[in-house]
Structure formats: C-alpha cells, structure tokens
Amino acid sequence: MFKRLATTEAGVVDVEVDGRPVQAREGESVAAALLVAGCVPLRHTPLSGAPRAPVCMMGVCFECLVEIDDQPNVQACMVSVRDGMRIRTQHAARKAGA
C-alpha cells in the first residue's frame, strides 16, 4: 500500500512493533515506518473500538497514538525512529503514565 521514495544514503534501524522485528529508515517518523511496514491500524478508539491510522502526519489529528518504550499515547508522527525502539499499537485507551 505505502512505499518509500528512493533516496541515496538512508541508514537502517531495527525496531520492534507488537513483538515483531521491523526495519525502518533512519530519520523517518514512527508513523511513516509503521505505514510502510503495513502495521495499520495504529490504534483503536476507546469508545467504539474503531480502527485508526495516521491522517495528518504533522501532529494535529492524534489518530496515530501508539505506545513507545512503555510510554502510552505518543504521537507516532512526531517521533523519529531509533534503533531498538519498542512500539506497541494501542487497543482502546491506555492509562496515562501506566
């Protein structure tokens, strides 16, 4: 569905998404890396359980909330991937600070 544009010298980092290994390009956002890897939806709404995925890719819509390194409700479009990052998709609400 999504694919990366050709670039010349992007490094590769290894991240974990819901327990499985995923390779991402150094410097890309977590949201972009998840879209390319086919990890959609990124979350489900707390009330209806409806699936959600990134919409704006600039921090306005909050549809891309994920858990990163045990920190819930992080906007995936606002964080760059880094080697060893652990990412979990969110299913309904997570408790703040838990």
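Enumerate the pairs (first residue in region 16-43 and in contact (Cβ under 8 Å) with a residue 24 or more places away in the chain; second residue anywhere and buried (at least 17 other Cβ atoms within 10 Å of the Cβ) and acidic (Asp, Glu)) with beta-carbon separation below 8 Å, excluding pairs fewer than 6 apart on the same chain, so at least 6 apart or on different chains.
What qualifies is Leu42/Glu63; Arg43/Glu63.
Looking only at region 64-77, count every residue that is buried (at least 20 other Cβ atoms within 10 Å of the Cβ) and in a loop (DSSP other than H, G, I, E, B) and tell me the total.
Residues in region 64-77 being buried (at least 20 other Cβ atoms within 10 Å of the Cβ) and in a loop (DSSP other than H, G, I, E, B): 1 in total.
Based on what the data block shows, is Arg20 at pLDDT 95 or above and among the basic types (Lys, Arg)? Full working, then the answer.
Details: at pLDDT 95 or above: yes; among the basic types (Lys, Arg): yes.
Yes, satisfied.
The values are calculated or read from the model by the stated rules, or taken from the named source; none is laboratory data. These numbers come from a predicted model, not from an experiment. A quick note on method: Cβ atoms are made from the backbone with ideal geometry, for glycine too, and the neighbour counts reach across all protein chains shown.
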